[in-house]
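A.B. asks: Input: one structure, supplied below.
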Amino acid sequence: MFSYTQEQRIFDLKGIKVGGQPGVHPTLMVGTIFYEDQFKDPKEEQKKAVELIREQNKLSQMTSIPTLVDIFIYEKEEIQWKVEFALDHIDGIFSLDMPESEVRMEVLKHLGEIGALDRVIYNSLNLGVKEEEIEKLEKNTPKGAVLLGYNPQKNNTQGRVDIIKDGGVLMDEGLLTLARECGIDYTLLDTAATPFGEKAGETVRAVPVFKNEFGLPTGCSLHNTVESWKWLDEYEDRERVFKSLDVSIDNLPVLLGADFIYYGPIENADLALPNMAMVDKIIAEGAEDYFGTKVSDNHPHKSL
């Protein structure tokens, strides 16, 4: 069990509290939708997507685990209909996951035009940010952003801290300073999941270091490490065990103090949320007993 001497900030995401000392608030779980090859029938994808969001919401209420939806946007042509879908079918804040800088800039422009910047977590602000993208962020500033601590030049824990703090040798300034200069209200720090063989363990080890260094909500998407495991692709019983591994690996960063988890495909909510409720109960009970932590009322420790 952990308790940090550094003051821990808590952000209110339109009613969802994230951050603070371990055990105070339940872990925020973020499920991803519209990722590549999710839906075999394009005509049915929005209908099925609505059903998956409703199921995640239902499980959230049952387990007292807060959730958000993360929407993948790969190409500019997808921006308008995916943003409209989110605004129509998601209450409160949602995350937009955009790997390409050109897409991110176009999304910012669109969100500014329709007045929806306060509904979005920008996923992510990372070392690939261009000067033009920074200008777009200053002009059309999202309410929140994920700051990705990925550092290919130095991918140990210190290297990941450097990208957030001062940019290391790859950036002129750190992502945290950049986010603040752009006017982003709340920042979620991602310790940057890396594959096995590329210091995957540092993703987890970096969690308490980030919390102690920055005092900000910290998490990761460790399921990406499982999905990149080449051995698993050749395992004869992969389909049966994959979902279990994809969910259970998220226990590790939370036990070390993580505040939020991007748990991967939203279809995994049926396992991911009850699993995290169990982990959160263990952490909250220990924090309450050992540190005298005041656990929030909307916590699995109180409701389950």
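The values are calculated or read from the model by the stated rules, or taken from the named source; none is laboratory data. Source: prediction; values computed, not measured. Cβ atoms come from the backbone with ideal geometry, glycine included; neighbour counts cover every protein chain shown.
A.B. asks: Of (1) crowded, with 22+ Cβ neighbours inside 10 Å; (2) touching a residue at least 60 places away in the same chain (Cβ under 8 Å), Ala287 satisfies all except one. Which?
C.D. replies: (1)
A.B. asks: Now for a different question. Does the stretch 204-237 hold any residues that are more than 16 Å from Gln158 (Cα to Cα), part of a helix (DSSP H, G or I) and touching a residue at least 12 places away in the same chain (Cβ under 8 Å), and which are they?
C.D. replies: Answer for the stretch 204-237, where residues must be more than 16 Å from Gln158 (Cα to Cα), part of a helix (DSSP H, G or I) and touching a residue at least 12 places away in the same chain (Cβ under 8 Å): His223, Asn224, Thr225, Val226, Glu227, Leu232.
Condition check ((1) closer than 16 Å to Leu273 by Cα; (2) modelled with pLDDT of 95 or more) across all residues:
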position: Val24; (1), (2): no, yes
position: Lys43; (1), (2): no, no
position: Gln46; (1), (2): no, no
position: Arg54; (1), (2): yes, yes
position: Asn57; (1), (2): yes, yes
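A.B. asks: Restricting to the stretch 198-250, name every residue that is of a type in the set (Asp, Glu) and at pLDDT below 95.
C.D. replies: Glu227, Asp233, Glu234, Glu236, Asp237, Glu239, Asp246
A.B. asks: Moving to a separate point now. Counting only residues that are under 21 Å from Ile33 (Cα atoms), give me the helices (runs of 4 or more DSSP H) lying completely in the stretch 94-203 with at least 1 of them.
C.D. replies: Ranges flagged: 101-114.
A.B. asks: So, in the stretch 1-59, of the ones that are charged (D, E, K, R) and assigned to a loop (DSSP other than H, G, I, E, B), which residue ends up farthest from Asn268 (Cα to Cα)?
C.D. replies: If we take residues in the stretch 1-59 being charged (D, E, K, R) and assigned to a loop (DSSP other than H, G, I, E, B), then Glu7 is farthest from Asn268 (Cα to Cα).
A.B. asks: Of the residues Asp190, Asp172, which single one is in contact with a Cys (Cβ under 6 Å, 6 or more places away or on another chain) and among the charged types (D, E, K, R)?
C.D. replies: Of Asp190, Asp172, the one residue that is in contact with a Cys (Cβ under 6 Å, 6 or more places away or on another chain) and among the charged types (D, E, K, R) is Asp190.
A.B. asks: Condition check: among the hydroxyl-bearing types (Ser, Thr, Tyr), touching a Ser or Thr at 6+ places or on another chain (Cβ under 8 Å) and assigned to a loop (DSSP other than H, G, I, E, B). Does Thr293 satisfy that?
C.D. replies: Spelling it out, Thr293 is indeed among the hydroxyl-bearing types (Ser, Thr, Tyr), touching a Ser or Thr at 6+ places or on another chain (Cβ under 8 Å) and assigned to a loop (DSSP other than H, G, I, E, B).
A.B. asks: Let me ask another. Does at least one position in the stretch 150-168 carry a residue that is modelled with pLDDT of 95 or more, under 15 Å from the mean Cα position of the chain (by Cα), within 18 Å of Ala258 (Cα to Cα) and hydroxyl-bearing (Ser, Thr, Tyr)?
C.D. replies: yes
A.B. asks: Any residue that is without any contact (Cβ under 8 Å) to a residue 60 or more places away in the chain, farther than 22 Å from Leu148 by Cα and among the aromatic types (Phe, Trp, Tyr) - is there at least one of those in the stretch 89-103?
C.D. replies: For the stretch 89-103, residues without any contact (Cβ under 8 Å) to a residue 60 or more places away in the chain, farther than 22 Å from Leu148 by Cα and among the aromatic types (Phe, Trp, Tyr): absent.
A.B. asks: Just one of the numbered conditions (1) aromatic (Phe, Trp, Tyr); (2) modelled with pLDDT of 95 or more; (3) surrounded by fewer than 18 Cβ atoms within 10 Å (Cβ to Cβ) is not true of Phe39; which one?
C.D. replies: (2)
A.B. asks: Can you confirm whether Lys302 is modelled with pLDDT of 95 or more, among the basic types (Lys, Arg), crowded, with 20+ Cβ neighbours inside 10 Å and part of a helix (DSSP H, G or I)?
C.D. replies: Judged against the criteria, Lys302 is not a match.
A.B. asks: Checking Glu36 against (1) at negative phi; (2) more than 19 Å from the chain's Cα centre (by Cα), which single condition isn't satisfied?
C.D. replies: (2)
A.B. asks: Any idea which residue in the stretch 109-140 is surrounded by the fewest Cβ atoms within 10 Å (Cβ to Cβ), counting only those that are under 19 Å from the mean Cα position of the chain (by Cα) and over 19 Å from Ser221 (Cβ atoms)?
C.D. replies: Asp118
A.B. asks: Next question, about the same structure. Got at least one residue in the stretch 261-278 being in a helix (DSSP H, G or I), more than 21 Å from Leu52 (Cβ to Cβ), more than 17 Å from the chain's Cα centre (by Cα) and modelled with pLDDT under 95?
C.D. replies: no
A.B. asks: Give me the residue from the stretch 177-201 that is surrounded by fewer than 22 Cβ atoms within 10 Å (Cβ to Cβ), charged (D, E, K, R) and touching a residue at least 24 places away in the same chain (Cβ under 8 Å) and, out of that set, nearest to Gln8 (Cα to Cα).
C.D. replies: Per the stated criteria, the residue is Asp185.
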